[in-house]
Amino acid sequence: MCAERWWIRGTMEAPSYDKLVNRQEITDAAVSAFADSTHQIPEKYVRTDEVLDGAIVGENETYDLPVIDMARLLDPEFSALEIKRLGDACRNWGFFQLTNHGVDEAVIEQMKGNTVQFFSLPLESKKSVAVRGNGFEGFGHHYSRASDKLDWAESVILLTQPVKDRNMEMWPTNPVTFRHALDNYSVEMTSLAMQLLRFMAADLGVEKEALQGAFSGQRQSMAIHYYPPCRHPEKVIGITPHTDGLGLTLLLHVDDTPGLQIRKDGRWFPVQPLPGAFVVNIADILDMLTNGTYRSVEHRVIPDANRGRTTVVIFQEASVGGMVAPLPEFLKGGDEARYKAIQLEDYIRGNFRALADGTRFIESLRT
Ligand SMILES: O=C(O)CCC(=O)C(=O)O
Ligand SMILES: [Fe+2]
């Protein structure tokens with residue numbers, strides 16, 4: 001019997017990534033801390049040294065975070081140029097904002113509306129889907145290191161695809177339209193990811209099937225985050241610096257509050273959310289598949305002093321024949337593999353372990 005499937009006969013619970021995942025519950029004390037940040041910030045959220053680790057690029061310094069226009073990617077007249085710009089973004093920044101993405105606006109609005117309503121519910125309601133044991137799904141703090149500092153945020157994490165693997169106990173029923181919104185949104189985002197991969201393949205000079213095939217039918221998970229305002233943003237972190245461990249990430253800003261910062265050359269570049277755009281980033285598995293051609297880049301969130309911030313983040317997983325490894329297409333010209341091949345399930349487990357240790361699993365796979 002496959003090692004991952006013992007639970008079907010056993011407890012009937014999905015694998016819990018035992019002892020690897022540390023997501024702490026949101027308590028009444030956390031809610032009070034989030035509600036009143038003017039005075040004392042509880043010690044477990046105070047991380048001034050970490051905030052100061054790397055200079056933040058100031059407002060008076062101009063820089064252009066890449067913006068990619070899907071309408072231009074699709075327009076034969078501009079496509080070649082826009083594909084080149086997409087490729088540059090994925091190689092140099094690992095991040096871009098995507099405009100004119102064509103995703104059904106009603107689906108996005110429904111997702112936004114339900115997310116805002118969910119986070120505005122009293123704690124007791126939200127706790128109906130509270131994180132349990134060592135599970136990674138549900139409502140709670142984001143991943144943290146055992147006994148370490150906590151992020152200044154409330155998050156819901158869910159496995160959204162494939163449908164048969166959903167853990168419906170963890171899917172909120174309040175607001176009543178939430179599950180419907182999540183389901184619709186999940187489907188739209190898979191299509192968007194597939195469309196982007198087609199253009200990435202064109203830039204990389206590989207068959208679109210090679211890249212799309214690695215993502216097709218694979219798992220998708222979702223994180224929705226609420227970062228309460230913090231009167232002392234120089235003391236707290238909304239999300240600990242990290243690279244995303246899966247394949248491709250698609251982020252929706254529910255409001256226009258900034259907070260996301262991308263690390264480049266040792267400095268933090270704040271992202272100014274463009275209205276109606278997604279923020280897309282390369283995650284570790286896509287970095288591996290392309291043998292390091294596309295880069296998975298570190299990012300973090302610093303909460304705003306005055307305004308809350310809400311985001312909806314989709315993570316698309318990828319593998320080939322159950323393995324995570326550079327695609328043969330990237331080793332053709334005699335290029336050495338920069339990463340060791342690993343089974344997907346070992347990869348996922350290693351990634352959780354690294355999150356708990358505060359390291360990057362992908363680093364341990366470098367050849
Ligand atoms: O909310 C954000 O801006 C970033 C979230 C993020 O990095 C993540 O969920 O991995
Ligand atoms: Fe992230």
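The values are calculated or read from the model by the stated rules, or taken from the named source; none is laboratory data. Just so it is clear, the structure is predicted and the values come from calculations on it, not from any experiment. Note that each Cβ is placed from the backbone with ideal geometry, even for glycine, and that neighbours are counted across all protein chains shown. Please note that ligands, DNA and RNA were not included when accessible areas were found on the heavy atoms of the full protein model with its side chains. Shrake-Rupley method; radii C 1.70, N 1.55, O 1.52, S 1.80 Å.
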* Asked: How many lysine pairs does the range 22-364 hold where the Cα atoms are under 28 Å apart and the two sit 8 or more places apart or on different chains?
  -> 25
* Structure fact -> Expressed in angstrom and rounded, the centroid-to-centroid distance over alpha carbons for the range 142-167 and the range 308-360 is 18
* Shape call, the range 263-348: gyration tensor on alpha carbons, a/c limit 1.5 -> prolate
* **Heavy atoms of residue 109 accessible to a 1.4 Å probe, total area in Å² rounded to 10** => 100
* In terms of the Cα gyration tensor, with a ≥ b ≥ c the square roots of its eigenvalues, is the range 170-264 rounded because a/c is under 1.5, prolate because a/b exceeds b/c, or oblate? -> oblate
* Any chance you could run the full-extension gain for residue 127 through residue 59? It's 0.36 nm times the residue separation minus the Cα-Cα distance, nm to one decimal. => 20.6 nm
* Asked: Antiparallel as a % of all DSSP beta bridges within the chain, to the nearest 5?
  -> 90
* Structure fact -> Given unit charges at Cβ for Lys, Arg (+) and Asp, Glu (-), the dipole magnitude of the chain about its Cα centre in debye, nearest 20, is 700
* Could you tell me what percent of the accessible area of the range 22-364 is made up of carbon and sulfur, with a 1.4 Å probe and every protein chain present? => 50
* Probe 1.4 Å - accessible area at residue 176, Å² to nearest ten -> 130
* Asked: Which cross-chain or sequence-distant (5 or more) residues have an amide H under 5 Å from the amide H of residue 309, H modelled 1.01 Å from N in plane?
  -> 227
* How would 115, 190 rank on accessible area, largest to smallest, probe 1.4 Å? -> 190, 115
* Structure fact -> Averaged per residue, the 1.4 Å probe accessible area of the range 22-364, protein heavy atoms only, in Å², is roughly 42
* To do: Report the one residue of 161, 182, 56 whose Cα lies farthest in the direction of the positive end of the charge dipole of the chain (charges on C-beta: Lys and Arg +1, Asp and Glu -1; origin at the Cα centre).
  => 161
* Asked: If you plug each phi of the range 38-53 into the Karplus form 6.51 cos²θ - 1.76 cosθ + 1.60 with θ = phi - 60°, what whole-Hz ³J(HN,Hα) values come out, in order, with x for Gly and Pro?
  -> 5, 9, 8, 8, x, 3, 5, 9, 7, 9, 3, 4, 5, 4, 7, 6
* Ignoring ligands, DNA and RNA, how do 37, 125, 191 rank by accessible area with a 1.4 Å probe, largest first? -> 191, 125, 37
* **Built amide H within the under 5 Å cut-off of residue 68, gap 5+** => 97, 98, 99
* Structure fact -> Rounded to the nearest Å, the spacing of the alpha-carbon centers of the range 55-103 and the range 258-300 is 12
* To do: Starting from the Cα-Cα distance between residue 208 and residue 67, subtract it from 0.36 nm times their residue separation and give me the gain in nm to one decimal.
  => 48.5 nm
* Provide the solvent-accessible area of residue 189, counting protein heavy atoms only and rolling a 1.4 Å probe, rounded to the nearest 10 Å². => 0
* Structure fact -> Between residue 324 and residues 5 or more places away or on another chain, the pairs with built amide H atoms under 5 Å apart involve 342, 343, 344
* Using the Cα gyration tensor of the chain, with a ≥ b ≥ c the square roots of its eigenvalues, what is the shape: rounded (a/c below 1.5), prolate (a/b larger than b/c) or oblate (neither)? -> rounded
